[in-house]
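Nothing in this text is a laboratory measurement; each read-out follows from the coordinates by a stated rule. Everything numeric here is computed off the predicted structure, so don't read it as measured data. Here the Cβ is made from the backbone with ideal geometry for all residues, glycine too, and neighbour counts use every protein chain on show.
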Amino acid sequence: MGKSKKRKAEEGEDVIRIGDKVISLEGYLTKKSKKESSSSESKAISMKDDTTPPPQSSSHNLVRDQPTPIDFKPSRPISGDPRYYEARKALPIWTRQDDIRRILRQKDVLILVGETGSGKSTQVPQFLYQEQWCKRRTVKIEVNGESKDIDVGGVIAITQPRRVAAATLAHRVSREVGTPLTGHTPKGLVGYSVRFDYQVPRGTRIKYLTEGMLLQEMLRDPGLTQYSAVIVDEIHERSVDVDLLAGFLKQIVSGDKARRGGVPLKVIIMSATANVDSIRRFFSADGSGAAGDNSVECLKIEGRQFPVEIIHTPKPVPDIEEALLQTVEKLHTEEALSDKYGRKDILVFLPGQEQIESAKDRIEDWASNLDPNLPKVKVFPLFGQLSIEAQHQAFQPVPGGFTRKIVLATNIAETSVTVPGVRFVIDSGKAKIKEYRPRLGMESLLPKPISKSSAIQRAGRAGREGPGKCFRLYTEETYEALKQEDLPEILRTDILNAVLTMLARGVDDILSFPLMDSPEVESVEKALLHLNILDAIDEHGAITKLGRKMVMFPVTPPYARVLLAAAEPEYDCLLEVIDIIACVTAGEDIFLQIRSEDEDCEEARLRKELHRREGDLITYLTAMQRYTSENSDRTKWCKDRKINIRNMKQALNIRKQLRRLCVKEGMMEEPPKDPQPFTPVPPEQAEKILRAFLKGFALKTAILAPDYSYVTSHGKHIVAIHPSSVLHGEKKEAIMYLDYVYTQKNYAKKVSVIQSEWIAEALGA
């Protein structure tokens, strides 16, 4: 845990203090002796303190590459759609399927290092779902002192770091097995579950889902009883969710299997670039991965990758967007639309949605004046906040034969997925990285240079279907100066949600929970303090009834707390709060920047009709209510007000899902169908809404100082209202904000007017 943990132990401090408030740490930072920790199978193993040198690979725990038979025939009869057989047979992993089956009949944990293009993400679950150990079986499990017959197993879960990968892979595999996911497929072998989208047909045996969704399932079913195996794909990305998932899986594999009626859970860890030795040590029975430990086996699969030519810029690029446009223009006018390998489309990596939208406009403007003899251009955005349907468009054949596809993507296209036709990659060298700023107690999401590992992954996208080229909009010297790998997310982000998830799943000693990398004690303490303020844990560190409800929502704990507050009779504003949360979580912003501030600008005038003096949150609410009341042309309505149509549609989807969940949880009655006539929110109801939001965001407030600057109530830092806010330039007694961004100075975003006494009320003071 580093110096901070040592200091904590020496001082014997078991409390957190904030002002006059003292919160005991005893309940959830229990100090255990080394003897206690090592005496039980289910106890955690601290990876940070493990000084055991990496073990040497040996024949008992590493299956080395073997000569591939020229005409390999698997021992099991081929199943699925015969149309895909030749494509599947050509994948490098095809000849190793018997090895994979053999290992998992003997071991519970397999580390599969499958290089890019090996086919691991689509083929491994197909190799395994018909195995004998993968059959559903009925066992006796003791529940509340009573023995019950419970069905265990039968399904393989395969996790992905992003929604687009889970959905895309599920569609591909469903076609291969012969039960395509079309609309609401009543039954089939393959399904997927991602945030705000669920397609799991009856009879599903292979289920793709995000790591976060599997963690949600664990809260309801800690033993994962419906699964025979969990495949963790792309573990090298090291999100907080994947680290948590690995810890829980380790506990299931090495601990008490009473929740599963003694039935083992198979765990397959897959990656192209992961540190095999550290993963082996983590999952091994004794935590060492030493030569005598046979609990974990590794298998290396060669990849299938065509050569990719890397082209760096000779000198630093002053304007990324201009350099991107010039590169696209050069490629489109000089390179053929296809060759013997197939299409030659373009994939561009940009930091975020804002940059994608701007680049899309510029490329489309340029393409509108193309020589008629040249191919047409079709631009597709690809980023996390897009709806699944919109994301799928980037993977479909481009309409019109004489057209080049250009996909503008964030880092969600780095791994797991293949965008068909891509032979050229343009890499901006930037990605939006979450970073927690402990001094401010806030998270920032800012464009940062990527790692070498990410740069290699991006370049590899150009060589999946034929020889390709990668144009890096940065110099070779810049590339050499990049960090080798990204820092694991758990070491650089707010772990509020992670700590709540652990507590909800019954983890009493947060610091001893098995993680591949443990966060600093200070980060854990800040998370616990915040959870206490949110009423998710009590003064003794125990999770509250409210905390257990919060963790069931697919939003962050502060937003979950707001939803629960809004359902209380005191506030009674759940429908309005859902509308606001849907808008603020649908993308970078539903409001596009209006470049002209001219008072005669029609867009600005129509936009101002939505503005409310209470601030941004009530403005978002007004926008959603006006949008849903529109009964004619919603697209035109958005265009007229410079509102992002994609984000608004996504907001509508989130709104629908949150409404459905709140009805299911008994928090409200079935709401009326759209469209409903628009009625402005009266001031007294606006006050209730803002006070409900304070239950989740009391720590994100600021008071007007005598010098007319805003000073945060927590931490005493100076912030300014962001220019995008309807309150920009105004001076109010106190403000609440949902987001924070640092550019030239500290900016508060999504700002609302509040009264200072409301802050103390929300904190329970």
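Please identify the longest segment of the chain free of exposed GluC sites (Glu not before Pro), where exposed means a DSSP state other than H, G, I, E or B and no more than 13 other Cβ atoms within 10 Å. Each step should come with its number before you reach the end.
Working: sites that count: Glu13, Glu26, Glu41, Glu539, Glu570, Glu597, Glu599, Glu609, Glu669, Glu730, Glu733.
The longest uninterrupted stretch comes out as 42-538.
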Next item on the list: Work out, in µm²/s and without decimals, the Stokes-Einstein translational diffusion coefficient of segment 62-301 at 4 °C, 1.567 mPa s, Rh from Kirkwood over C-alpha pairs.
Entry: 71 µm²/s
Next item on the list: Restrict the search to segment 710-758; then list the trypsin sites (Lys or Arg not before Pro) that DSSP places in a loop and that have at most 16 other Cβ atoms within 10 Å of their Cβ.
Entry: Lys716, Lys731, Lys745
Note to self: Rounded to the nearest 20 debye, what is the charge dipole size of segment 240-376 about its Cα centre when +1 sits on each Lys and Arg Cβ and -1 on each Asp and Glu Cβ?
What the structure shows: 1000 debye
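List the trypsin sites (Lys or Arg not before Pro) within segment 509-603 that fall in a DSSP loop (any state other than H, G, I, E or B) and whose Cβ has at most 16 other Cβ atoms within 10 Å.
Passing both the DSSP loop test and the Cβ count: Arg595.
Between exposed chymotrypsin sites (Phe, Trp or Tyr not before Pro) in the chain, where DSSP calls loop and at most 13 other Cβ atoms lie within 10 Å, what's the longest gap? It would help to have the intermediate numbers written out before the result.
Values: sites that count: Phe72, Tyr341, Phe402, Phe678, Tyr708.
It works out to 403-677.
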Note to self: Check which residues have an amide H placed less than 5 Å from Gln160's amide H, if you skip close sequence neighbours.
What the structure shows: Leu209, Thr210, Glu211
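Which pairs, out of Lys257/Lys545; Lys642/Lys664; Lys315/Lys360, put more than 32 Å between their alpha-carbon atoms? Each step should come with its number before you reach the end.
On the way: Lys257/Lys545 27 Å; Lys642/Lys664 35 Å; Lys315/Lys360 25 Å.
In this structure, Lys642/Lys664 exceed 32 Å between Cα atoms.
Give the whole-number value, in cubic angstrom per residue, of the convex hull volume spanned by the C-alpha atoms of segment 698-765. Kindly include the intermediate steps, with their values, before the conclusion.
Working: hull volume 5.6 nm³, N = 68.
Here the figure is 83 Å³ per residue.
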Check: Magnitude of the Cβ-charge dipole of the chain, K/R +1 and D/E -1, about the Cα centre, nearest 20 debye?
Finding: 2200 debye
Item checked: Cross-link reach list, aspartates and glutamates versus Lys673, counting only Cα pairs under 17 Å and skipping chain neighbours closer than eight places -> Glu576, Asp579, Glu630
Next item on the list: Taking only the C-alpha atoms, wrap a convex hull around segment 357-410 and report its volume per residue in Å³ as a whole number.
Entry: 72 Å³
Item checked: Expected 222 nm ellipticity per residue - DSSP helices of 4 or more, -39500 (n - 2.57), all of the chain, to 500 -> -10000 deg cm²/dmol
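Sort segment 241-283 into rounded, prolate or oblate with this rule: let a ≥ b ≥ c be the square roots of the eigenvalues of the Cα gyration tensor; rounded if a/c is under 1.5, and if a/c is not under 1.5, prolate when a/b is larger than b/c, oblate otherwise. Please report the intermediate quantities before stating the final value.
Working: a/c = 2.37, a/b = 2.21, b/c = 1.07.
Prolate shape, in that a/c is at least 1.5 and a/b is the bigger ratio.
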Note to self: Compute and list, largest first, the equivalent-ellipsoid semi-axes of segment 134-259 from the alpha carbon gyration tensor, each √(5λ) rounded to a whole angstrom.
What the structure shows: 25, 19, 11
Check: Given Gln251, Asn647, Leu515, which one lies farthest toward the positive end of the charge dipole of the chain, if we put +1 on the Cβ of every Lys and Arg and -1 on the Cβ of every Asp and Glu?
Finding: Gln251
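Counting other beta carbons within 10 Å of each Cβ, put Met552, Met218, Met624 in order, fewest first.
On the way: Met552 14, Met218 19, Met624 23.
Ascending number of Cβ neighbours within 10 Å: Met552, Met218, Met624.
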Note to self: Rounded to whole Å, give me the distance from the Cα center of segment 610-684 to that of segment 138-208.
What the structure shows: 32 Å
Next item on the list: Please give the contour-minus-distance gain from Tyr85 to Ser147: 0.36 nm per residue of separation, less the Cα-Cα distance, rounded to one decimal in nm.
Entry: 17.7 nm
Item checked: Principal axis dimensions, segment 308-486 - Cα atoms, whole angstrom, descending -> 57, 36, 30
Note to self: I'm checking a number: the convex hull volume of the Cα atoms of segment 527-684, normalised per residue, in Å³. What is it?
What the structure shows: 136 Å³
Check: To the nearest 20 debye, what is the magnitude of the charge dipole of segment 62-301 about its Cα centre, counting +1 on the Cβ of each Lys and Arg and -1 on the Cβ of each Asp and Glu?
Finding: 640 debye
Notebook entry, point to check: Any idea what diffusion coefficient segment 388-493 gets from Stokes-Einstein, in µm²/s, Kirkwood Rh on alpha carbon pairs, 4 °C, 1.567 mPa s?
Noted result: 83 µm²/s
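Just want the ordering: Asp486, Asp707, Asp241, Asp151, from fewest to most Cβ atoms lying within 10 Å of their own Cβ. Working shown, then result.
On the way: Asp486 19, Asp707 7, Asp241 22, Asp151 12.
Listed from fewest to most nearby Cβ atoms, that is Asp707, Asp151, Asp486, Asp241.
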Item checked: Inter-label distance for His540 and Val139, nm, one decimal - labels placed 7 Å from Cα along Cα-to-Cβ -> 3.3 nm
Margin query: Show me the helices of the chain, taken as full DSSP H stretches, that run 30 Å or more along their long axis by Cα and average -0.5 or above in Kyte-Doolittle hydropathy.
Written below: none
Margin query: Skipping prolines and chain starts, which residues have an amide H placed within reach, meaning under 5 Å, of the one on Gly352, given they are 5 or more residues away or on another chain?
Written below: none
Checklist line | Hits among lysines - C-alpha to C-alpha of Lys731 under 21 Å, sequence gap 8 or more where chains match | finding: Lys608, Lys700, Lys716, Lys745, Lys749, Lys750
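Which of Val407, Val419 has the fewest other C-beta atoms within 10 Å, and how do the rest follow up to the most? Could you put the intermediate results ahead of the total?
Working: Val407 24, Val419 21.
Lowest count first: Val419, Val407.
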Item checked: Scaled radius of gyration (Cα, divided by 2.2 N^0.38 Å) that segment 633-765 gives -> 1.25
Margin query: As I understand it, the dipole of the chain uses +1 on the Cβ of Lys and Arg and -1 on the Cβ of Asp and Glu, about the Cα centre. Which of Ser752, Ala90, Gln484 lies farthest toward its positive end?
Written below: Ala90
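Specify whether the C-alpha gyration tensor of segment 233-366 places it in the rounded, prolate or oblate class, a ≥ b ≥ c being the square roots of the eigenvalues: rounded for a/c under 1.5, otherwise prolate if a/b is larger than b/c and oblate if not.
Values: a/c = 3.05, a/b = 2.47, b/c = 1.23.
It is prolate, given that a/c is not under 1.5 and a/b is the larger ratio.
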Notebook entry, point to check: Given H placed on each backbone N at 1.01 Å, which residues far from Ile537 in sequence or on other chains put an amide H within less than 5 Å of it?
Noted result: Asn532, Thr544
